[in-house]
């Protein structure tokens, strides 16, 4: 199923996907630890609105999300495959952790990277951690979809997303978030209708991931034990949004402003902090893409300016939005001076070449 509304994917779409993921991250990161969406919206208003935000250092630095997304992207951009790629990713994650001053990396990410041993056999594997269901793997995986965007590459996309995700987040709720982010980016490139993305995750990608885990033979028992939560929550979400058949229409609440979205996102979440887990960061990203359409400001209102882990939801959604729409309608000041803009665009160029 393809959508004819979107123009064919070009290098500019790839560059926009990587660049805007960083923009969403940097702008949302300023309020990552603010609990109130209405408070954030008021702060944005006092700055003159989104169109008046010039995302540049020192005030608007990117978070750990973009640093590690770049680590994944630049590893993929080498063209390496299989275990050689996994060792490259592990090395770049360790290198990325040297660039975390003021960027607020999560606990599972910090601990997981400490265990990585890129130069040793199986050095990309870490001990199973039943508490590693956070969003740290989801926030850095979109570029996997840029590298493996074709429907026939699903098994490769899933394998890379699972293994790179498990470098820090061994719990399936964590690493399946990596699968979701990579998959949604690939779906954006495929021009697959957005209302089918969640169904594709549950019915197509998750079974492939489950079989891959069994085949890979690492932490199979623990993963099977903890598997159910991610898919159960996604099935619940699809029913909530009338997407169980992938057709919609989506029944939005009559009142759905910042305060109402905060409460809805809490209902998505594991412990009331919307976007902080592997299941609900891509869930809020998808919800925002469904509601915003091609309107950049509406996307940011929904995905970046909410109480919760807003930079992690924004980094995912804004990457997909850029892949769909490019930078059209995005104020130039939002991205012109973004930290690491050059690296983001260069990695996009290399991934575009490899994917074609």
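One Cα centroid belongs to the range 23-51, the other to the range 63-82; the line between them spans 27 Å. For the range 249-291, what does the alpha-carbon gyration tensor say about shape, rounded, prolate or oblate, given a ≥ b ≥ c as the root eigenvalues, a/c under 1.5 as rounded, and a/b over b/c as prolate? Since a/c reaches 1.5 but b/c is at least a/b, the shape of the range 249-291 is classed as oblate. Here the relative contact order of the range 140-217, from alpha carbon pairs under 8 Å that lie six or more residues apart, stands at 37 percent.
Does the range 11-355 come out rounded, prolate or oblate by the C-alpha gyration tensor, with a ≥ b ≥ c the root eigenvalues, rounded set by a/c under 1.5 and, if not, prolate when a/b is larger than b/c and oblate if not? Note, shape of the range 11-355 comes out rounded.
Projected label points at residue 332 and residue 80, each 7 Å from Cα along the beta carbon direction, are separated by 3.9 nanometres. Ranked by the mean number of other Cβ atoms within 10 Å per residue, highest first, peptides 118-127, 338-347, 249-258 order as 338-347, 118-127, 249-258. Residue order for 25, 226, 64, 99, fewest other beta carbons within 10 angstrom first, comes to 99, 226, 64, 25.
Of 151, 38, 172, the residue with the greatest mean-square motion in the GNM of the chain, using alpha carbon springs below 10 Å, is 151. The calculated FRET efficiency for residue 297 paired with residue 94, based on their beta-carbon distance and R0 = 41 Å, is about 0.65. Full extension of the chain segment joining residue 220 with residue 244 gains 5.8 nm, where the gain is 0.36 nm per residue of separation less the Cα-Cα distance. Sequence-distant contacts, meaning Cα pairs under 8 Å at least 6 residues apart, place the relative contact order of the chain at 31 percent.
Approximating the spin labels as points 7 Å out from Cα along Cα→Cβ, the residue 117-to-residue 270 distance works out to 2.7 nm. Each residue, residue 263 and residue 59, gets one label point 7 Å from its Cα in the Cβ direction; the gap between the two is 3.4 nm. Both numbers refer to the Cα atoms of the range 23-124; Rg and Dmax are 17.0, 54 Å. Cβ-to-Cβ counts within 10 Å put 30, 350 in ascending order as 350, 30, the fewest first. At an R0 of 45 angstrom, the distance between the Cβ atoms of residue 36 and residue 203 translates into a FRET efficiency of 0.80.
Sort 320, 135, 206 so the one with the fewest other Cβ atoms within 10 Å of its own Cβ comes first. Write down the numbers at each step before the final one.
On the way: 320 29, 135 33, 206 21.
So the residues, fewest neighbours to most, are 206, 320, 135.
Which length gain, in nm to one decimal place, applies between residue 12 and residue 212 when the Cα-Cα distance is subtracted from 0.36 nm times their residue separation? Intermediate results must be reported in sequence, preceding the final value.
On the way: separation 200, 0.36 × 200 = 72.00 nm, distance 3.32 nm.
Full extension of this stretch gives 68.7 nm more.
Per-residue ellipticity at 222 nm from helix content only, as computed over the chain with -39500 (n - 2.57) for each DSSP H run of at least four residues, stands at -17500 deg cm²/dmol.
Computed from the coordinates by the stated procedures, all read-outs in this text should not be read as laboratory data. In this text the structure is predicted, and so the values were computed from the model without any measurement. FYI the Cβ positions are ideal-geometry reconstructions off the backbone, even for glycines, and counts take in every protein chain you see.
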